[in-house]
Amino acid sequence: MDALDTFTLSRIQFAANISFHILFPTITIALCWFLVFFRLRHAATRGTPAAVGWGQAYYFWTKVFALTFAMGVVSGITMSFQFGTNWPGFMERAGNIAGPLLGYEVLTAFFLEASFLGIMLFGRGRVSDRVHLAATLLVAFGTTLSAFWILSLNSWMQTPVGYEIIDGKFHAVDWLEIVFNPSFPYRLGHKLLASCLTAGFLIAGVSAWQLLKGTAAPGTRQALRTAVVAVSVAMPLQIFMGDLHGLNTLEHQPAKIAAIEGIWHTEKGAPLTLFGLPNEKEGRTDYALQIPKGASLVLAHDPDAELKGLNEFAGAHPPVAPVFWGFRVMVGVGLLMLAVAWAAAWALWRRRAHSAGMLPRKVLWALVGMTFSGWVATLAGWYVTEIGRQPYLVYGLLKTAEAVAPHPSGMVAGTLAAYLTVYALLLAAYVGVIKHMAEHATLPAPAVAPATPQAV
């Protein structure tokens with residue numbers, strides 16, 4: 001079947017791998033900064049009742065971080081295999097740029113995380129409080145540095161600069177241009193805020209579940225308050241960053257914007273399509289609900305601005321339907337996150353329901369329902385980004401079809417089925433372990449006292 005040839009199956013397999021992997025770094029990047037905050041508050045309130053809660057919050061969420069970090073590392077290993085087994089053309093053509101950027105990530109970020117993660121997890125009572133706090137801070141810095149390098153490479157693939165092509169292969173000319181390519185600042189900012197929202201809603205949702213189920217520990221309320229404040233502030237910032245990211249995409253990848261908005265023909269004062277059914281065969285959006293001049297106003301900040309349509313990119317634009325719907329899922333979930341975050345923040349500010357676990361039960365249930373909303377928004381946004389650059393792997397220069405390995409389709413289908421089975425089991429196990437931990441929260445073990453000469 002043409003629809004399930006090696007190229008299509010390899011794309012599905014890579015999408016499955018990266019979709020599974022991205023779930024975990026999206027949590028750990030920001031969760032570790034939450035841990036730094038809990039640790040600082042624990043140190044600042046030492047000797048008071050509040051310190052017990054901050055210590056418990058740090059202890060509980062450190063265990064979640066360790067589990068999530070391990071899942072991210074394991075799933076990341078298969079990503080590197082994918083480059084070699086299914087997409088050898090990418091490293092053969094762009095390896096002179098992709099290889100060093102991935103190497104920088106390992107040499108700086110991963111080694112930093114690996115070196116201090118052990119102290120962070122097992123050093124309490126064995127090293128001084130300052131060293132333990134410093135280890136937590138360095139692990140958080142390492143996770144952010146890892147995102148910096150990975151997003152630099154991904155952004156370069158979207159907006160390639162600073163290179164020359166010799167005999168069909170990319171060679172670096174200016175590494176500063178490559179690292180800080182035109183879309184990198186917006187993509188990095190968008191991702192860091194997405195991580196803050198994902199980790200924040202995870203903390204809020206799990207804490208709300210503990211309050212509803214009566215398994216809350218002393219630090220549950222402190223963790224919940226911290227998460228609600230964080231997401232209620234981060235969500236408006238994410239909307240602002242998304243607008244900047246959209247302006248940058250319109251400048252460098254207008255075909256992606258045309259697919260996102262379902263703009264089929266170049267026009268001035270283009271309408272904003274809220275909902276509709278993209279009909280790629282006929283080149284129109286059926287049953288469209290539109291706001292006149294809305295797309296030009298939102299995308300170019302000018303209601304009469306001209307926007308390029310998909311007709312300008314015949315044979316070189318992404319499939320419209322998945323990009324069109326992916327964007328709407330991302331925005332829809334984002335608006336829901338904003339509503340729930342602000343409702344919870346408002347309830348906190350009003351300080352209602354002290355007797356019912358700090359927040360009204362309906363707000364707690366809403367937070368529980370949004371526990372993994374960050375994953376949904378992240379995946380939808382990721383699909384918009386990655387499908388939206390098709391048919392290119394390196395935008396405008398290297399087509400995806402040129403990089404695929406000529407494996408038999410049956411072999412790719414078999415490994416795809418194996419990947420999907422393992423990922424489904426691992427994801428179910430991960431969520432199950434988080435639920436078990438939430439319902440069986442424990443206080444931190446007493447710090448191990450340093451050995452004394454008399455004891456020896």
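Considering the stretch 246-288, the residues that are closer than 21 Å to residue 158 by Cβ and of a type in the set (D, E, K, R) include one that is surrounded by the fewest Cβ atoms within 10 Å (Cβ to Cβ), namely 251.
For the condition modelled with pLDDT under 95, more than 25 Å from the chain's Cα centre (by Cα) and over 30 Å from residue 60 (Cβ atoms), what is the one hit in 281, 213?
281
Residue-wise test of (1) at pLDDT 90 or above; (2) surrounded by 18 or more Cβ atoms within 10 Å (Cβ to Cβ); (3) touching a strand residue (DSSP E or B) at 6+ places or on another chain (Cβ under 7 Å); (4) not aliphatic (A, V, I, L, M).
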site: 318; (1), (2), (3), (4): yes, yes, no, yes
site: 323; (1), (2), (3), (4): yes, yes, no, no
site: 326; (1), (2), (3), (4): yes, yes, no, yes
site: 352; (1), (2), (3), (4): no, no, no, yes
site: 378; (1), (2), (3), (4): yes, yes, no, yes
site: 409; (1), (2), (3), (4): no, no, no, yes
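Working only within the stretch 394-406, note down all residues that are touching a residue at least 40 places away in the same chain (Cβ under 8 Å) and either open to solvent by 20 Å² or more (accessible area, probe 1.4 Å) or part of a helix (DSSP H, G or I) (or both).
Listed by number, the residues that qualify are 395, 396, 397, 400, 401, 402, 404, 406.
Among the residues of the stretch 81-93, none qualifies, meaning not one is within 30 Å of residue 207 (Cβ to Cβ), among the hydroxyl-bearing types (Ser, Thr, Tyr) and open to solvent by 50 Å² or more (accessible area, probe 1.4 Å).
Sub-9 Å Cβ pairs linking a first residue in the stretch 206-226 that is of a type in the set (D, E, K, R) to a second residue that is part of a helix (DSSP H, G or I) and surrounded by fewer than 24 Cβ atoms within 10 Å (Cβ to Cβ), at least 6 apart or interchain, are 213/438; 213/439; 221/53; 221/211; 225/348, ordered by first then second residue. Considering each residue of the stretch 42-60 in turn, none proves to be within 18 Å of the chain's Cα centre (by Cα) and in a helix (DSSP H, G or I).
In the stretch 76-117, what residues are in contact with a helix residue (DSSP H, G or I) (Cβ under 6 Å, 6 or more places away or on another chain), in a helix (DSSP H, G or I), over 26 Å from residue 177 (Cα atoms) and touching a residue at least 60 places away in the same chain (Cβ under 8 Å)? Scanning the stretch 76-117 gives 78, 82.
So that you can scan it fast, the table gives a plain yes or no per residue for (1) among the hydrophobic types (A, V, I, L, M, F, W, C); (2) closer than 16 Å to residue 33 by Cβ:
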position	(1), (2)
103	no, no
108	no, no
114	yes, no
124	no, no
137	yes, yes
147	yes, yes
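Within the stretch 178-196, residues that are under 13 Å from residue 242 (Cβ atoms) reach partners that are of a type in the set (A, V, I, L, M) and surrounded by fewer than 19 Cβ atoms within 10 Å (Cβ to Cβ) with beta carbons closer than 8 Å, at six or more positions or on different chains, in the pairs 186/244; 189/244; 193/237. Being open to solvent by less than 20 Å² (accessible area, probe 1.4 Å) and either β-branched (Val, Ile, Thr) or modelled with pLDDT under 95 (or both) is not true of residue 52. Just checking, which of 249, 266, 226 is polar (S, T, N, Q) and farther than 30 Å from residue 286 by Cα? On inspection, the qualifying residue turns out to be 226. Selection of helices (runs of 4 or more DSSP H) fully inside the stretch 275-378 by the criterion of at least 2 residues being closer than 30 Å to residue 435 by Cα returns 320-350, 361-369.
When 226, 215 are checked against the criterion of being within 29 Å of residue 200 (Cβ to Cβ) and outside any helix (DSSP H, G or I), a single residue qualifies: 215. Put simply, of 41, 11, 46 the only residue that is of a type in the set (Lys, Arg) and loosely packed, with under 15 Cβ neighbours inside 10 Å is 46. For the stretch 17-38, residues that are over 16 Å from residue 69 (Cβ atoms) and either outside any helix (DSSP H, G or I) or open to solvent by less than 10 Å² (accessible area, probe 1.4 Å) (or both) total 2. Residues of the stretch 380-393 that are out of contact with any strand residue (DSSP E or B) (no Cβ under 7 Å at 6 or more places or on another chain) and touching a residue at least 60 places away in the same chain (Cβ under 8 Å): 381, 382, 383, 384, 385, 386, 387, 388, 389, 390. Cβ-Cβ distances below 6 Å connect the following pairs, each with a first residue in the stretch 283-305 that is over 12 Å from residue 268 (Cβ atoms) and in contact (Cβ under 8 Å) with a residue 12 or more places away in the chain, a second residue that is of a type in the set (S, T, N, Q) and open to solvent by less than 20 Å² (accessible area, probe 1.4 Å), and a separation of six or more residues or different chains: 285/273; 288/273; 290/273.
The values are calculated or read from the model by the stated rules, or taken from the named source; none is laboratory data. Since we're looking at a predicted model, the values are computed, not measured. So basically every Cβ, Gly included, is an ideal-geometry build from the backbone, and we count neighbours across all protein chains shown. Accessible surface areas use protein heavy atoms only, side chains included; no ligands, DNA or RNA. Shrake-Rupley method; radii C 1.70, N 1.55, O 1.52, S 1.80 Å.
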